[in-house]
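Report on one structure; see the data block that follows.
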Amino acid sequence: MTHARDPGPADSAMPAGNRVTEEQTGAQVAARSMENPPPVPRKRVFAVVLLLLACLIGYGAFKHWQTSQAADEAQREVRDFVPAVQTIEARGDDAPRKLTLPGQTEPFDMATIYPRATGYVVERHVDIGSRVKKGDLLIRIAAPDVDQQLAQAKAQLEQVKAAQAQAQASLDQSKANLELANVTFKRTNQLTQRGYETVQNNDNQRTQVDSQQASVETAQAGIKVAAANVLAQQATVDRLEVLTRFEQVVSPYDGIITTRGVDVGDLVNADTKSGAPLFTVARDDVLRVSVNVPQSDAFGIRDGLDAETFLPQMPEKTYTGKVARSSVALLNASRVLNTEVDVANPRGELKPGAFVNVTFSIPRLRPAIMVPAEALIFNAQGLQVATVQDDEVHLQAVAIYRDFGKTVELRDGLNGGEQVILNPPIDLTDHMHVKVKQPPQEEAKK
């Protein structure tokens, strides 16, 4: 069936004869199509379609079977899975342990010098930083009062010595009088026995002997008094002579002047510690290094223990010393042991009062078992490590003695030599079978 088409501008321009011919041709074509319909599809087309469907179904069944086999294989692998782990040997260490602590250098000796003579400073031979030797003159003090007292004491000493000589002369005279009285008494006694002398005179001579004997004893006592006076006055002279020697202040030992409190012309008073001292002398050829050792390491500190000291400013330079003394008792407030290390400083490279680091070589009270921190397991059972023996895992409870960050020292739990698992899996259980994985460097050797 055809529909008439509205004539357009082009159709209106076309000749009428041509337009009739085209309409007849279209009607003829439509009539022939209805008389000859398209042929029916053949049977082999259906066979091809069925074959394609069968192939698709077979392929799907094969893929399903393959997926099932893969799932079964995955289940078997999960069921029979043996994890690979890396191990390291728990090593025993009985070598001395290095311990580095902060310390402070101090002079081996330090003296604060005060005046022992009252007077004015007339000479000063040293200043801050001056190197001095033992006996070197530091300052000289003019003390005229002490000088005059010494002169007076010496004069009085001569007086008491003269009095002692006078007492000795009196003793000699008393002894001579006693001897004369004895001779006279003997003569008178003989004459009295013969009747040539009276009894009265004989008794008088006996009394004279007793009187002279008393005089001798008195003179002897005077001698003792005079000798004591000489000794007393000599002591006064000696004391003043010592004080006059303190007018010259000398260094008590080799060292360095660290402080100065006076200058020329200053008045100083003897025996007054309330004022400014004259000087402070520090001995620095040997330094004391004071270190506070915590309680955890104090029991390994003993006299004679080696120690190395170094300045943070010169870490490449070390100074060897030994532990010379300690407080023995720990300080109650901080539980530390005050320890001193003597360090030789002949060149003066170390300065008193400097901050230093001191490294001790502390002997271990017992061999230490060291394991990496990454081998520790902390769970509901507490702190454990996993060891491997014959490809079987054994979980072992441990206790930490010291924690050094990357490694820990165990108090108990291991004896050393065990193979410890590094970074143990979270699902690791006791008696699980594992496969030990070799370190990368050993695999590369193979």
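Values for this structure:
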{"item": "Filtered residues of the range 337-352 (kept if within 15 Å of the chain's Cα centre (by Cα) and surrounded by fewer than 18 Cβ atoms within 10 Å (Cβ to Cβ))", "result": "Asn338, Asp342"}
{"item": "Test set (1) under 30 Å from Asp263 (Cβ atoms); (2) touching a residue at least 12 places away in the same chain (Cβ under 8 Å) - Gln148 fails condition number", "result": "(2)"}
{"item": "Close pairs (9 angstrom Cβ cut-off, 6 or more residues apart or separate chains): surrounded by 10 or more Cβ atoms within 10 Å (Cβ to Cβ) in the range 421-432, of a type in the set (Ser, Thr, Tyr) and modelled with pLDDT of 85 or more anywhere", "result": "Ile421/Thr87; Ile421/Thr387; Leu422/Thr87"}
{"item": "One residue from Ser361, Ser290 being part of a strand (DSSP E or B), at pLDDT below 90, surrounded by 12 or more Cβ atoms within 10 Å (Cβ to Cβ) and of a type in the set (Gly, Ala, Ser)", "result": "Ser361"}
{"item": "Filter result (in contact (Cβ under 8 Å) with a residue 24 or more places away in the chain, under 45 Å from the mean Cα position of the chain (by Cα) and surrounded by fewer than 19 Cβ atoms within 10 Å (Cβ to Cβ)) within the range 230-266", "result": "Phe246, Gln248, Val250, Pro252, Tyr253, Asp254, Thr258, Thr259, Asp263, Val264, Asp266"}
{"item": "Given (1) loosely packed, with under 14 Cβ neighbours inside 10 Å; (2) at pLDDT below 90, number of the condition Ala270 does not satisfy", "result": "(1)"}
{"item": "Leu410 being crowded, with 18+ Cβ neighbours inside 10 Å, hydrophobic (A, V, I, L, M, F, W, C) and outside any strand (DSSP E or B)", "result": "no"}
{"item": "Number of the exception - Arg283 against (1) basic (Lys, Arg); (2) closer than 30 Å to Thr100 by Cβ; (3) more than 60 Å from the chain's Cα centre (by Cα)", "result": "(3)"}
{"item": "Selected residue (only one of Val40, Val49, Val82 is within 60 Å of the chain's Cα centre (by Cα), at pLDDT below 80, not in a strand (DSSP E or B) and not assigned by TED's automatic domain parsing to the domain that holds Ile421)", "result": "Val82"}
{"item": "Which listed residue is in the same structural domain as Lys224 (by TED's automatic domain parsing) and either exposed (fewer than 13 other Cβ atoms within 10 Å of the Cβ) or assigned to a loop (DSSP other than H, G, I, E, B) (or both), from Ala181, Ala95, Ala71, Ala162", "result": "Ala162"}
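Quick grid of which residues meet (1) of a type outside the set (Gly, Ala, Ser); (2) modelled with pLDDT of 85 or more:
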residue: Gly416; (1), (2): no, no
residue: Val420; (1), (2): yes, yes
residue: Ile426; (1), (2): yes, no
residue: Ala444; (1), (2): no, no
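The values are calculated or read from the model by the stated rules, or taken from the named source; none is laboratory data. Everything quoted here is computed from the prediction, not taken from an experiment. Cβ coordinates were reconstructed from backbone atoms using ideal geometry, including for glycine residues, and neighbour counts include every protein chain displayed.
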